[in-house]
Each structure stands twice: as structure tokens, then as C-alpha cells.
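The values are calculated or read from the model by the stated rules, or taken from the named source; none is laboratory data. Since the structure is predicted, the reported quantities are computational estimates derived from the model, not experimental observations. Neighbour counts are summed over all protein chains in view; Cβ atoms, including those assigned to glycine, are modelled from backbone coordinates with ideal geometry.
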Amino acid sequence: MDSKKFEKISRALSDPNRIVILEKFKKTKDCLYCAEIHDSLDLAQPSVSHHLKQLVDADLLLPEKEGRNLKYTLNETVLDDYIAFLKALKG
């Protein structure tokens, strides 16, 4: 992982609402629909969409169109690479 990718992921993870979104994936171990994520947060739908876009742009979530809905899956490979990068910084 290069430093630009690391920085982009770090920025995406800097918001507590995005951490809450990622924690939802830990509990489900599957995909989540936008509506399910919206229901679990006390935010307006445009705010939820913004947070999801930030996570998608950082490659932490993978969107998939299903009819009129979007479902998201956690990109565990990128998350594992990010953690490995952090561990490498530690030495």
C-alpha cells in the first residue's frame, strides 16, 4: 500500500459515523443495503450517502447495484492491507 492510499483511508476513517458504519459490517458479516445503514444512524439520508461515498472512494466498501438499490460489502483485503501498513510503521 502506498502512502497516498493510506492517507485516503485514514481520512475516511477519521469520522465517527463511518466507524459506526464499518462496525455494522462486523456484526452482519455480509452485505448491507443503504436503507439498513440509514436506519442504524441518526443522520439524514444525504449525510449517510456522503459517508458511504467516502468509504467507497477509499475502497473500504464495495458497492453493487441491485435493482434500484445499492448494497455494500466490506472490502476486507483493503482493510487488511491498511492494518498491515500500520503494523509495519510500528516496526
**Request:** Please indicate, with yes or no, whether at least one residue in segment 48-55 is part of a strand (DSSP E or B), of a type outside the set (S, T, N, Q) and either in contact with a Ser or Thr (Cβ under 6 Å, 6 or more places away or on another chain) or modelled with pLDDT of 95 or more (or both).
**Result:** no
**Asked** Out of all the residues in segment 13-47, which are out of contact with any Ser or Thr (no Cβ under 7 Å at 6 or more places or on another chain) and not in a helix (DSSP H, G or I)?
**Response** L13, S14, D15, K29, D30, L32, Y33, L41, D42, L43, A44
**Request:** Kindly check whether there is at least one residue in segment 68-89 that is surrounded by 10 or more Cβ atoms within 10 Å (Cβ to Cβ), of a type in the set (S, T, Y), out of contact with any Asp or Glu (no Cβ under 8 Å at 6 or more places or on another chain) and modelled with pLDDT under 90.
**Result:** no
**Fill in**
In the set S47, S10, the lone residue that is in contact with a Phe, Trp or Tyr (Cβ under 9 Å, 6 or more places away or on another chain) and loosely packed, with under 15 Cβ neighbours inside 10 Å is S10
**Request:** Mind listing whichever residues of segment 24-39 are loosely packed, with under 15 Cβ neighbours inside 10 Å and either of a type in the set (G, A, S) or more than 12 Å from T73 (Cβ to Cβ) (or both)?
**Result:** K26, K27, A35, E36, D39
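Conditions tested, residue by residue: (1) under 14 Å from the mean Cα position of the chain (by Cα); (2) closer than 17 Å to K71 by Cα; (3) of a type in the set (K, R).
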| position | (1), (2), (3) |
| --- | --- |
| E7 | no, no, no |
| R18 | yes, yes, yes |
| K24 | yes, yes, yes |
| S40 | no, yes, no |
| P46 | no, yes, no |
| H50 | yes, yes, no |
